[in-house]
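What follows is a single structure, written as structure tokens, with notes after it.
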Amino acid sequence: MEGKKRTVVQLVSVVLVMGALAWAAVPLYDLFCRVTGFGGETQVASSESETILDQTIKIKFDASKERGMPWEFKPMQREMELRIGESGLAFYEAYNPTDHVVAGTASYNVAPFAAGGYFVKIACFCFTEQVLQPGERVEMPVTFYVDPEIVDDPEAKYAKHITLSYTFHEMDLADTDYQAALETEKTTEIN
């Protein structure tokens, strides 16, 4: 009987450990990708690069939408060429052709994946949710640079171009601060 108890305890322990590992896998993988640039994750900085090289790189821009997202969404330029380390400013355009408010958030990645750790965003519309009124059209900026350390990476240094891709996903308005702002606005109008 003692052997069966030990076996049950071991099996329960294995199940608990496996469950904990499965639960932690997504946040740990996300952290790993953000730190290393793996999977095309970009980096974030609060200021421009202090080093600008003479070597140039072409940045291409891509846009898509999740199935069912009613917006029109596109880059306002298809590509630009920058010196490595030089800050770039690109714009994407979003348009809400519906007769109701639509909220969205953008996910992003960089290709080739090896360059993700060297693509640095200073400011981006993708850092926050976007809310468009019916018929509203907006230009959304992204400020970025390619880290000069890319030229020392054995895999990434051969990249002649980097593609920055965004995919917009619809969000429930209840999930945004916008819903709270609407309630405040309604209360102010009544008073």
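Each reported figure results from applying straightforward, stated rules to the coordinates on display, with no laboratory input. What you see is a predicted model; the values in this text were computed from it and never measured.
The figures follow:
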item	result
Lysine pairs within the stretch 57-162, Cα separation less than 14 Å, 8 or more sequence positions apart or different chains	5
Hz values of 3J(HN,Hα) by residue in the stretch 168-174 - Karplus curve (6.51, -1.76, 1.60), Gly and Pro given as x	8, 10, 6, 10, 6, 4, 5
Volume per residue that the Cα convex hull of the stretch 101-171 spans, once the total is divided by residue count, Å³	85 Å³
5 angstrom amide H check on Lys65, placed H, neighbours 5+ away	Phe168
Ile122 long-range amide H proximity, modeled H, under 5 Å	Ala45, Thr143, Phe144, Tyr145
Table column - 3J(HN,Hα) (Hz), the stretch 133-145, Karplus curve with 6.51, -1.76, 1.60, x for Gly and Pro	6, x, x, 7, 10, 10, 9, 10, x, 9, 10, 7, 7
